[in-house]
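**Q** Got a structure here, written out as structure tokens. Questions coming.
The values are calculated or read from the model by the stated rules, or taken from the named source; none is laboratory data. Note that the structure is a prediction, hence the values are computed from the model and not measured. Cβ placement follows ideal geometry from the backbone for every residue including glycine, while neighbour counts extend to all protein chains displayed. Surface areas here come from the heavy atoms of the whole protein model, side chains and all, with no ligands, DNA or RNA. Shrake-Rupley method; radii C 1.70, N 1.55, O 1.52, S 1.80 Å.
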Amino acid sequence: NHWGHIAGAKLIPLGSLKDNVATVPQDKPVVTVCQSGSRSGQATVILRKAGIDQAANLRGGMLEWNHAGLPVEQHA
């Protein structure tokens, strides 16, 4: 993905999120992010159903993040 990612982001594909919910912090807010905001919206629903109430979706995803000129890190 040429868009990069937000610094400090934990990368978990949507398809494996249910199996990795235990790795998501539950003691602080979590913001889900994808390219456009659609899959991350689904991720937010999964997290909330798993009891992570402080989950929110970054509307517009990385498309909007990059459009705003905000910093990214490239994937290693």
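**Q** Using a probe radius of 1.4 Å on heavy atoms only, what accessible surface per residue do you get for the chain? Whole Å² is fine. Before the final figure, lay out each step's value.
**A** On the way: 5180 Å² over 76 residues.
Accessible area per residue, the chain: 68 Å².
**Q** What FRET efficiency comes out for the pair HIS5/GLN26, r = Cβ-Cβ distance, R0 = 35 Å, nearest 0.05?
**A** Numbers: r = 22 Å, r/R0 = 0.62.
After rounding to 0.05, the efficiency reads 0.95.
**Q** Now for a separate question. Starting from the Cα of LYS28, draw a straight line to each of the lysines and keep only those under 16 Å, dropping any in the same chain fewer than 8 residues away.
**A** Partners within reach: LYS10.
**Q** If all Cα-Cα distances of the chain are sorted into 5 Å bins from 0 onward, what percent lands in each bin, rounded to whole numbers?
**A** All Cα pairs, binned at 5 Å, distribute as 3, 16, 28, 25, 17, 9, 1 percent.
**Q** Pop out the carbon and sulfur fraction of the accessible area of region 11-76 as a percent, whole number, probe 1.4 Å. Could the numbers behind the result be given before it?
**A** On the way: 2350 of 4480 Å².
Carbon and sulfur atoms account for 52 percent of the accessible area of region 11-76.
**Q** With the crude spin-label approximation of a point 7 Å out along Cα→Cβ, what separation in nm comes out for SER16 versus ALA68?
**A** Here the modelled spin labels are 2.8 nm apart.
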